[in-house]
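See below for the structure under consideration.
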Amino acid sequence: MYISKIKIENFKCFKGTFILSLSDGLNILVGDNEAGKSTILEAIHLVLSGILNGKYLKNELNQYIFNNEIVAEYVQSLKNGNALPAPHILIELFIAGDDLPLYEGDGNSEKKKECCISLKIEIDGALQPEYDNFIKIGEINTIPIDYYTLSWTSCAREPITPRVIPIKSALIDSSSHRYQNGSDIYISHIIRNYLTTTQKIEVSQAHRKMQEAFMLDKSIQNINEEIKNLSKKTEKDKVVKLSVDLSSKNAWENSLLTYVEDVPFQNIGKGEQSIVKTKLALEHNKSKEANVILLEEPENHL
């Protein structure tokens, strides 16, 4: 079982229809910067998982996943009083190599008997009357996302969910270096997913003990006493003091650092960072179950 073809309409950099044929086994996408290589990987992963940028799309739907030119033409048509149909996004994955009768039929944009999975982002039919009234009001400068819906279907015209799709994907981006409070977000996410619930609780408790020890340290208490004297001049003034974050349930995720051979992760070589991230990602249970591995910039420090 493999993806034989992907068809993309109006998703990010792809205006109109884009079609790419794929072969069984290894496929390598080569192109200039901003040519759409990453977008193709995102589209495949989105159809198979419902996830974009690490979050479920249904909770993160916004107009910026639509092609900018399509959006601009749509908004301009509303201003001109000659409204174009509301923009849509269509991503179709065609599958070959196995007999999957539940996914086979002519329910695709090409109207040919194929085995495929389709994701469509479009105006919710049940909200069409409300949408029609909305655009009559005018002064619209963005896509009315509130009226949109997501739907997954097979070529057999049956509704499905990413959970039941027989092909599973794992998207690995070892090239990104995003830091928050000194911690690499990507590797923190991987390690967090490895931990069991019990282990997460144990780490959280250990982190809280460390926070409490900080607050009980004599030097910190002395400093806070000085800050208190500076900030509280009258009974109405509120006390200001130095502390650490105790408000977040999982504060440890943002404040703890990953070390490699006693060296902070962000201080080791970029090549070594890529190797560590890729190894951890491939060893994750979800990656082991995946039929498709989507690797961003595989040549990065290979």
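The values are calculated or read from the model by the stated rules, or taken from the named source; none is laboratory data. Note that the structure is predicted; figures quoted are calculated from it, not measured. Every residue, glycine among them, receives a Cβ derived from its backbone with ideal geometry; neighbour counts consider all protein chains shown.
Taking first residues from segment 224-236 that are closer than 20 Å to Phe214 by Cβ and partners that are modelled with pLDDT of 80 or more and outside any loop (DSSP other than H, G, I, E, B), the Cβ contacts under 9 Å between residues at least 6 apart in sequence or on separate chains come to Asn224/Met215. In segment 276-288, the residue that is modelled with the highest pLDDT out of those that are more than 19 Å from the chain's Cα centre (by Cα) and surrounded by fewer than 16 Cβ atoms within 10 Å (Cβ to Cβ) is Lys279. What do you reckon, is Glu122 assigned by TED's automatic domain parsing to the domain that holds Thr17, under 21 Å from Leu48 (Cα atoms) and part of a loop (DSSP other than H, G, I, E, B)? Against the criterion (assigned by TED's automatic domain parsing to the domain that holds Thr17, under 21 Å from Leu48 (Cα atoms) and part of a loop (DSSP other than H, G, I, E, B)), Glu122 does not qualify. Of the residues in segment 41-54, none is over 18 Å from the mean Cα position of the chain (by Cα), buried (at least 16 other Cβ atoms within 10 Å of the Cβ), among the hydrophobic types (A, V, I, L, M, F, W, C) and closer than 25 Å to Arg163 by Cα.
Each row is one residue, and each column tells you yes or no for (1) over 15 Å from Lys120 (Cα atoms); (2) in contact with a Pro (Cβ under 6 Å, 6 or more places away or on another chain); (3) without any contact (Cβ under 8 Å) to a residue 24 or more places away in the chain.
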site: Leu29; (1), (2), (3): yes, no, yes
site: Ala35; (1), (2), (3): yes, no, yes
site: Ser38; (1), (2), (3): yes, no, no
site: Asn67; (1), (2), (3): no, no, no
site: Ala72; (1), (2), (3): yes, no, yes
site: Ser77; (1), (2), (3): yes, no, yes
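Being of a type outside the set (A, V, I, L, M) and at pLDDT 80 or above is the filter here, so list the residues in segment 213-233 that pass it.
Listed by number, the residues that qualify are Phe214, Asp217, Lys218, Ser219, Gln221, Asn222, Asn224, Glu225, Glu226, Lys228, Asn229.
Return a yes/no flag: does segment 1-8 have any residue that is assigned to a loop (DSSP other than H, G, I, E, B) and over 26 Å from Leu61 (Cβ atoms). Within segment 1-8 (the criterion being assigned to a loop (DSSP other than H, G, I, E, B) and over 26 Å from Leu61 (Cβ atoms)), the answer is yes, since at least one residue qualifies. Which condition from (1) touching a residue at least 40 places away in the same chain (Cβ under 8 Å); (2) part of a loop (DSSP other than H, G, I, E, B); (3) in contact with a strand residue (DSSP E or B) (Cβ under 9 Å, 6 or more places away or on another chain) is the one that Gly25 breaks? For Gly25, the failing item is (1). Can you name the residue in segment 261-270 that is more than 26 Å from Arg208 (Cβ to Cβ) and modelled with pLDDT of 75 or more and is also surrounded by the fewest Cβ atoms within 10 Å (Cβ to Cβ) among such residues? Only one residue fits best here, namely Glu261. The single condition among (1) modelled with pLDDT of 75 or more; (2) outside any helix (DSSP H, G or I) that Lys249 does not meet is (1). Residues of segment 79-111 that are charged (D, E, K, R), free of Cβ contacts under 8 Å to residues at least 60 places away in the same chain and in contact with a Ser or Thr (Cβ under 9 Å, 6 or more places away or on another chain): Glu104 alone.
Looking only at residues that are out of contact with any helix residue (DSSP H, G or I) (no Cβ under 7 Å at 6 or more places or on another chain) and among the basic types (Lys, Arg) in segment 1-44, which one is modelled with the lowest pLDDT? Checked segment 1-44; the qualifying residue modelled with the lowest pLDDT is Lys37. Sort out which residues of segment 68-87 are surrounded by 12 or more Cβ atoms within 10 Å (Cβ to Cβ), part of a loop (DSSP other than H, G, I, E, B) and not aliphatic (A, V, I, L, M), and write them in order of number. Residue satisfying the conditions is Pro87 alone. Looking across segment 129-145, the residues that are in contact (Cβ under 8 Å) with a residue 12 or more places away in the chain and on the phi < 0 side of the Ramachandran plot come down to Glu130, Tyr131, Phe134, Ile135, Ile140, Asn141, Thr142, Ile143, Pro144, Ile145.
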